[in-house]
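Following: one structure in structure tokens, then a few remarks.
The values are calculated or read from the model by the stated rules, or taken from the named source; none is laboratory data. It should be emphasised that the depicted structure is a prediction, and the values quoted were computed from it without experimental measurement. A quick note on method: Cβ atoms are made from the backbone with ideal geometry, for glycine too, and the neighbour counts reach across all protein chains shown. Ligands, DNA and RNA are stripped out before the accessible areas are found, and what is left, the full protein with its side chains, is counted by its heavy atoms. Shrake-Rupley method; radii C 1.70, N 1.55, O 1.52, S 1.80 Å.
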Amino acid sequence: MYNRPLRSKRESSLNDASGLATSPTGLAAALENSAAAQRRPFAHCQIFDDLEAARAPWAQIEALGLASPYQAYEFVDAWLRTSGRARNIAPMIIVARDEARRVSAVLPLGRMRRGPVWTAEFLGGKDANFKMGLFRPGLEASNEAIVDLLRRAALMVAPRIDAFWLTNQPYSWQGAPNPLAGLPRRPSPSFGYKSVLDGDFDGWLAAHYSKEAQKKLRKKTRRLQEIGPLASVVAKDEASVRQILAAFQRQKEARMQAVGAPNAYELPDTARFFEAAAMKNLERGAQTIELHALISGDRVVATFGGVRQAGRFCGMFISYDTAPEIARCSPGQLLVIETIRDLTARGFSTFDLGVGEGRYKDENCEAEEPLFDTAVAATAAGHGFCAAAMAQRRIKRWIKQTPWAWTLADGLRRRAVSLRRMGKAAPL
């Protein structure tokens with residue numbers, strides 16, 4: 001069944017694979033179906049260009065499968081309605097089923113134009129630190145089967161896909177291997193950074209901060225308390241969501257202006273995405289963006305946002321008040337520590353600070369999480385794109401790992417940002 005699915009009752013019935021193993025055909029037939037499913041885990045392929053139409057199989061595999069919170073339906077839905085729409089990204093949700101018609105994988109991709117080629121990439125853009133598909137636990141799929149699935153899917157949309165550009169994928173997630181890690185790949189330019197939470201916050205703190213460092217932190221805490229009563233909070237209503245996000249935007253813009261760096265969060269659609277996802281998180285059972293803040297008196301001095309799923313909390317963004325009397329107290333660092341205290345009390349087992357380098361990540365995360373990039377061509381034009389894209393990522397990785405090259409590149413980037421801002425400020 002390789003045709004594009006119609007949103008019909010017949011299609012809905014195909015989405016329901018319940019009862020297959022308990023049908024009257026008996027145990028022998030069930031075992032035969034299971035063996036066949038293992039032989040062809042992607043026997044059936046469907047493409048959905050509408051998220052709602054893919055919701056049922058997505059929910060089924062999300063409840064069972066291997067995926068990060070960045071591939072949760074609600075996160076992707078909020079992103080597509082805001083940032084994705086602003087970038088003209090069209091959903092291309094691949095749903096693969098085995099011969100028993102059980103959902104074996106969901107690949108939440110989006111179609112976009114890159115120069116003369118059409119690519120399919122994981123949804124979430126730069127707002128998703130970790131990118132991967134959703135897979136049935138224990139899935140065994142050969143590299144040939146995965147590539148065949150992608151190339152079949154490429155032919156099912158118009159214009160057809162030239163290349164699948166799948167970046168920043170973890171080799172494994174919470175101990176389970178990523179089935180796509182067996183494909184030809186190259187290391188991503190940056191690492192992820194994570195920490196294990198074992199239920200003992202005092203132990204975690206002692207492992208990451210020396211007694212002298214903890215003494216300095218207590219001193220900084222007292223300084224903030226002198227400005228006003230200090231509290232670490234989690235957004236619980238619409239008013240607190242808006243308050244924290246407004247503080248985040250102000251603080252991030254001030255910080256980027258001060259260091260002459262580009263503000264990756266300045267686009268209006270990014271602000272709309274954060275608000276939509278954080279508001280959704282207020283609903284019972286929702287798991288989108290959870291907002292934390294450190295408040296001194298009535299002043300938000302630091303913000304931190306992240307997503308959570310299955311015992312893991314993934315940090316997305318952080319900011320702090322750059323006023324000298326506030327910044328010298330390291331409010332961002334204090335908030336990260338208080339967030340970890342809260343997550344430990346709530347039973348989380350893993351905490352991460354996303355992808356990319358930063359001293360505060362080294363201080364709070366004891367483990368690096370290597371990532372990889374994969375490019376699969378579906379046309380001759382796609383082969384050219386894949387070669388160029390992989391070469392570009394290889395150069396980016398070399399620059400990041402070569403101190404003098406990174407210093408030069410960072411200086412040039414800051415200079416370009418400064419000139420652009422000067423141009424915006426110049427009178428007509």
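Here are some notes:
- Selection from region 150-193 of residues that are among the charged types (D, E, K, R) and surrounded by 22 or more Cβ atoms within 10 Å (Cβ to Cβ): Asp162
- All positions within region 158-197 that are assigned to a strand (DSSP E or B), of a type in the set (S, T, N, Q) and in contact with a Leu (Cβ under 7 Å, 6 or more places away or on another chain): Asn168, Gln169
- Applying the criterion of at least 3 residues that are buried (at least 16 other Cβ atoms within 10 Å of the Cβ) and on the phi < 0 side of the Ramachandran plot to the strands (runs of 3 or more DSSP E) found wholly in region 268-369 leaves 290-296, 299-309, 312-320, 350-355.
- Flag for Val147 being surrounded by 19 or more Cβ atoms within 10 Å (Cβ to Cβ) and of a type outside the set (Asp, Glu): no
- Selection within region 43-92 - β-branched (Val, Ile, Thr) and closer than 12 Å to Phe135 by Cα: Ile61
- Among residues of region 198-232 being polar (S, T, N, Q) and assigned to a helix (DSSP H, G or I), the one that is nearest to Thr350 (Cα to Cα) is Gln214.
- Filter result (over 20 Å from Ser190 (Cβ atoms), in a helix (DSSP H, G or I) and open to solvent by less than 30 Å² (accessible area, probe 1.4 Å)) within region 377-395: Gly382, Cys386
- Residue in region 220-237 that is touching a residue at least 24 places away in the same chain (Cβ under 8 Å), open to solvent by less than 60 Å² (accessible area, probe 1.4 Å), under 25 Å from Arg397 (Cα atoms) and not aliphatic (A, V, I, L, M) present: no
- Qualifying residue in region 177-198 (condition: at pLDDT below 95 and on the phi > 0 side of the Ramachandran plot): no
- Filtering region 92-123 to residues that are of a type outside the set (Lys, Arg) and open to solvent by 30 Å² or more (accessible area, probe 1.4 Å) leaves Glu99, Met112, Gly115, Pro116, Trp118.
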